[in-house]
Amino acid sequence: KEAVELTPDGHPDKPSRLSNLGTSLFKQFEQFGDMTNLNQSVLKFQEAVELTPDGHPDKSSRLNNFGKSLLRQFEELGDMTDLNQSVLKCQEAVELTPDGHPDKPSWLNNLGKSLFRQFEQFGDMTDLNQSVLNSQEAIQLTPSAHPEKPSLLSNLGKSLLTQFEELGDVNDLNQSILMCQEAVELTPDDHSEKPLWLSNLGKSLLRQFKQLGDITDLNLSVLKFQEAVELTPDGHPNKPIFLSNLGTSLLTQFERLGAMTDLTQSVLKCQEAVELTPDGNIDKPTRLKNLGMSLLRQFLQLGDMTDLNQSILKFQEAVELNPDGHLDKPSLLNNLGNPLLIRFEQFGDMADLNQSVLKFQKAVELTRHGHLLRPSRLNNLGDSLLTRFEQLGDIADLNQSVLKFQEAVELTPDGHLDKPTCLNNLGLSFLRQFEQLGDVTDLNESVIKLQEAVELTPDGHPDKPSWLNNLGNSLLTRFERLGDMTDLNQSVLQRQKVVQLTPPGHPDKPSRLNNLGTSLLRRFERLRDITDLNQSVLKFQEAVELTPDGHLHKPFLLDNLGDSLLRQFEQLGDMIDLNQSILKLQEALELTPASHPEKPSILNKLGKSLLKRFEQLGDMTDLNQSVLKRQEAVELTPDGHPDKPSWLSNLGNSLITRFCKLGLSDDMANAVWAYSSATHAEYGPPSVRLRAAQLWVKCLQASSPPPESILDIYHIAIPLLAEMAWLGSSFSDRHYQIMQAGSIVHEAAATAYQFGNYIQAVEWLEQGRSVIWGQLLQLRTPINDLEEKEPDLSQQLKLNSMQLEKAASPQNLNPNTSPAQGSTESSVLSKEKIASHGHYLAIERKQILKKIRMCPGFERFLLPRSIKDLIPSASNGPIVILNSSNLHDICYAFILISDFPDKVIPVRLESFSASQAQDLYHRLQKLLDKLKFGRDPGRKLVLGSDKFDVGQEFKTILAELWEGVIKRVLNVLIQQHPLPKAKPHLWWCPTGIFSFLPLHAAGLYHTDAPLGSKLTDFVISSYTPTLSTLLDRFPLLSPPPSPRLPKLLAVAQPSSFGQQYLPGTVDEITYIKEAVDGALTFNTLIGENATLDNVVSELKTTNWIHFACHGVQNPAHPMESALLLADKDKLTLSKLASLKILPGGLAFLSACQTAKGDAQLSDEAVHLSAGMLATGFGGVIATMWSVGDQVAPQVARDIYKHLKQSGMKVSEAAHALHLAIENAKNNMKGENDTAFISWISFIHMGI
């Protein structure tokens, strides 16, 4: 300074001394941060340049110094003139410096830095590209040992990092790290620039972690930033930069590992960085942004509103300080949108939500296509749009939300740290779209995306609980739509895990407790476990207590608590629960804005609670309010919304209750309108629509006489059965859904019968029974014609069928079991994937079938069969369908004869009512409960010790069946179709309660009963679950000739685990072998060799099968009914359903209860014999109840003897059984009156 002052103007050394002074002042500023030094430095450099003539050898050096100081002044004060002049001076310095000059690399480096800053301001990629090129040229011109080499390497690394963020080329990122690492390695610890090189390396490593997720990169990043901070003295102008960068890396480390220490330190470092940064500094907005992010995360973790408000203030200040057109503007706008959205979720201020949407929209608009951060900003915009849709219900917001999320997912590469977030949000938007439009494809996509988000998020990540929570929500919704218990159990599991992972005080704790309560409540409604209900109420109560008044979610937590209290009242009858339910729902309703999409749901639940209280106390005010609330729910819900059918049906319930009380015709008319509207709503859940149809029918039946238009209702209702038992669900879930449908098929057929529409009655009985076996058989239907004319569609359908069959019967699952017994996460995910895959395949199948039915000649491909298609099932003998209707208390039969191709013969059973059929069933079950087996080697059948005459009661039941049912049917049959001299073959197709009555044995069995008083005197009886079962087996009657003998596998298991010893089973196998010697290839699996694996392996190559073992029916889980094998092995019905065997042979099930079935699923033929038919066997011999060892071996021997004489024709099995039973009856004459009970159990099914 003194030298300059002592040098007169015009002196040749004046420029040099000014330049030296400028350099000294610049270094002093960099050491102590005094802006006076920087300003004076700029002035001195400027004066030096002005005093240096063009052509002077030092001109370029002084221009370079001047440009460098202007850049630094711009960074501190933000004056764009300084930046523009910096670029110009540095460019001029480079242009004036010849190649080979030792300072050229330095000038190129400084020009690169100025261009980089200019790119940050305006986003012009030309500036960034030139910055990289200048830095690369500088490095190439600089020898390895040159002291400036580290600076050049670090600057190039910084430019390459930004180029990666703009263009996404991972080579730029890799090169950035290499350059920064080399700069650090070449620089000694005491070098003044070492902290800057460390900081640049830390930034590149942090970005690589975000791109690839390698925790090593994150740890190294934190270490580099910490080292940079430690090496930088207090007061140094770069100290705030390093503190802010350290805070950012600590925040990322917290988000990955969840250590609160990292989060706390992140806030502290960012706060210190902001405090040390003077106003006007170009980087002030960035440091405010980093502090805002740390404060926002601290709020999300601890729930302190001060943190949230401060976060918003910091982001707002950053946006205001950042000039329009600056490269960071989109980032700052995006960051401001996040806390505004979160504050809206806390307090519900629509101004916050609208501002959030605007900020995100502006951020996306300012972010060019191809920018690395565009996916993240699209994701945030989608999130705010989705939230606004949830508030206002504008479908345009929802549609835009889905589009933004989809674009974000597509633009985010696999392995990227943000991929789970994008997938999670896309899954949520699909869920909302399903809730609005009812498309199951959206629901299935929601589950798939959310599962993927969970799988990609490591344990310990702070967002993992949120992703799990959302997955639980989507699974619950899919359960409510499709009824798959796997989804419900997994929903409970995921949400339990979420609550455990959420610390006390976390702002999301109430909502997560609420969601767990919802899943538990739904499981209670399905399984009726009171523990689930009690836990549900407790979770809802805790959620409400933890939520402050005024919180946006308070009304919905109160809504769920009210609903669970109503359920608790229904179970325990405590009026306090009911009154509290109404109070909570009323409070929820008052707190919910009129336009909120959840308003109708709350109104509907309040209407239900009010109706329930009316039923208890009789206060008409409650009933009137129930009607009003439910009317409002319907009015507020647009057509097409999946919940509208439920609201309509519930409104009908309240109206009907008031009609019954007051008799107002308008109430009946409005109820009919509500039920009919719900029935016709194709977008609603099939179970809701079916129930509405039943209630609609009930209303019309109250008319006198009922109108024939009731049949139109059943035309809608019956096809819904197949939709309820959805093909994508497990067998157990489908059976549950069928049980919920009740007796609608019987009532529909009975109504058609009463109106004289017999053909329609038969078609409905066929369409609405054995739905699940029918689905399985459809999957195995030969499609030769389709394969010939539409090979591509044929191949698609084949592949889909194979996959669906596998997905529908996973052997390792028992979906009706509560998961409380424990489960690993891997098995959880596998179960979820099985369910999701099944649902996806079912949707795909519908689409394939739709395409096939558009092809000429395939318009009715795999659709329900018409009477024209069904009559050929009687081509080998008459078929008698028996049905009953509890509603009308009638029983009747339909006879199908092939001689009448377009006619169904009705038989009214005037002397046998539905109540009589029920009485016979219960008497029979009471009898069967008394049957026991002796401990003697022959295991003879014995009776209970009471005085009740079991044998006589059996005879009475068979006599009543004969007089009330069979005799009447035979008389009509003989009138229409005289019987031939040889006993004809007749098939019984019983429905409902008739499925459990021994029709084949009906007759009079007292001593003086005349000839012609038993069914066996007239016909040979067989059974069939459906007409289609016979139709599908007729092609098996003429198998292609084979040079090899059929193969029979005989399985004997005398000592099953936990069961009484069966000594006769081995003898039975011996008898059979003697009987068929030479007619079949005979293989055996006996005792310990009869394992499940061995049996299944042999079944794959076997035509015929014989089981001599215990059989058990499982009432709780019918598909787990089983034949008991070695040790604890079981051949279950679900396992049978998954097998495919060589078609056409005979299955002989010489075991107890193999055709017993399930009373709650009487029309689904849930027994082992039906399973054998579905597997591919042509015929089955089975038992309706337990049989004794003194009968079974003899019957088996006689059957096989006759079959051998007939050439081992499967079609002769019924005749063979008939002869064997006649022989058994003759052999037992003179024995105890109950001896005939043993042979009554044997039946034949199929061909």
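Once C-alpha pairs closer than 8 Å and six or more residues apart are averaged by separation and normalised to the residue number of the chain, the relative contact order reads 5 percent. The H on the amide N of K1130, modeled in the peptide plane, is under 5 Å from the matching H of L1125, each at least 5 residues off or on a different chain. Label separation (R368 vs D785): 6.2 nm, computed from points 7 Å beyond Cα along the C-beta direction.
Tell me what the chain gives for mean residue ellipticity at 222 nm when only DSSP H runs of n ≥ 4 count, each as -39,500 (n - 2.57), the sum divided by the residue total, rounded to 500 deg cm²/dmol. Before the final figure, lay out each step's value.
Details: 53 runs with 778 residues, N = 1247.
The helix contribution divided over the chain gives -20500 deg cm²/dmol.
A Förster radius of 60 Å, combined with the Cβ-Cβ distance separating H715 from E963, puts the computed FRET efficiency at roughly 0.95.
Tell me the angle of helix 194-212 to the major Cα principal axis of the chain, expressed in degrees between 0 and 90 and rounded to the nearest ten. Tilt relative to the chain: about 20 degrees.
Each Lys or Arg adds one and each Asp or Glu takes one away; over the other residues whose Cβ falls under 13 Å from the Cβ of S581, this sums to -1.
So for the chain: antiparallel DSSP bridges make up what percent, rounded to the nearest 5?
Details: 24 of 51 bridges.
Close to 45 percent.
Using +1 at the C-beta of Lys and Arg and -1 at the C-beta of Asp and Glu, which of A917, L973, V950 has the Cα lying farthest in the positive direction of the dipole of the range 878-1023? Of A917, L973, V950, it is V950. Remark: the range 894-905, residue by residue, has Karplus-estimated 3J(HN,Hα) of 10, 10, 10, 10, 5, 5, 10, x, 10, 9, 10, 8 Hz, where x stands for each Gly or Pro and the curve is 6.51 cos²θ - 1.76 cosθ + 1.60 at θ = phi - 60°. Take every Cα pair under 8 Å in the range 1-141 that's 6+ residues apart, average their separations, divide by the length, and report that relative contact order as a whole percent. Value for the range 1-141: 16 percent.
First check a/c for the range 1054-1140, with a ≥ b ≥ c the square roots of the eigenvalues of its C-alpha gyration tensor; if it is under 1.5, answer rounded, and if not, answer prolate when a/b is larger than b/c or oblate otherwise.
Values: a/c = 2.10, a/b = 1.33, b/c = 1.58.
Taking the square roots of the gyration eigenvalues as a ≥ b ≥ c, the range 1054-1140 is oblate.
When each of the peptides 74-81, 477-484, 1069-1076, 1128-1135 is scored by how many other beta carbons lie within 10 Å of its residues on average, the order from highest to lowest is 477-484, 1128-1135, 1069-1076, 74-81.
Would you tally the net charge around L610, using a Cβ to Cβ cut-off of less than 12 Å, leaving L610 out, and scoring K and R as +1, D and E as -1? Mind dumping the intermediate values first?
On the way: positive: K605, K608, K612, R613, K629, R630, R658; negative: E615, D619, D622.
Counting the neighbours of L610, the net charge comes to +4.
Could you work out the relative contact order of the range 319-477, using alpha carbon pairs under 8 angstrom and six or more residues apart, expressed as a whole percent?
Working: 197 pairs, mean separation 22.3, N = 159.
Rounded, it is 14 percent for the range 319-477.
Can you tell me the FRET efficiency between K930 and H977 if r is taken as the Cβ-Cβ distance and R0 is 56 Å, rounded to the nearest 0.05?
On the way: r = 40 Å, r/R0 = 0.72.
It comes out at approximately 0.90.
Subtracting the Cα-Cα distance from 0.36 nm times the residue separation, let me have the gained length for Q952 to H11 in nm, one decimal.
Working: separation 941, 0.36 × 941 = 338.76 nm, distance 14.00 nm.
Here the answer is 324.8 nm.
Which of the peptides 859-868, 1013-1022, 1099-1108, 1000-1009 is most tightly packed, and how do the rest follow, going by the mean number of other Cβ atoms within 10 Å of each residue?
Ranked from most to least packed, the peptides come out as 1099-1108, 1013-1022, 1000-1009, 859-868.
If you take all other residues with their beta carbon under 13 Å from the beta carbon of V364, and give Lys and Arg +1 and Asp and Glu -1, the sum is +4. Computed extension length for A351-L88: 90.1 nm, one decimal, from 0.36 nm per residue of separation with the Cα-Cα distance subtracted. What is the helix-to-structure angle for 170-185, meaning the angle in degrees between its Cα long axis and the longest Cα principal axis of the chain, kept from 0 to 90 and rounded to the nearest 10? Between the helix axis and the principal axis of the chain, the angle is about 50 degrees.
By the equivalent-ellipsoid construction on the alpha carbon gyration tensor, the chain comes out with semi-axes of 81, 35, 25 Å, ordered largest to smallest.
On a full-extension model of 0.36 nm per residue, what is the gain between M575 and R923, subtracting their alpha-carbon distance, rounded to one decimal in nm?
Numbers: separation 348, 0.36 × 348 = 125.28 nm, distance 4.01 nm.
Using 0.36 nm per residue and subtracting the Cα-Cα distance, I get 121.3 nm.
Taking amide H positions as placed in the peptide plane 1.01 Å from N, state which residues far from F1148 in sequence (5 or more) or on other chains have amide H under 5 Å from it. Here I1105, H1106, F1107, I1181 satisfy the definition. Computed from the C-beta positions of F1034 and M305, the FRET efficiency with R₀ = 60 Å rounds to 0.20.
Where a number appears in this text, it was derived from the coordinates with a stated rule and is not lab data. Being a predicted model, the structure only gives us computed values, none of them experimental. Neighbour counts run over all protein chains shown; Cβ positions are idealised from the backbone, glycine included.
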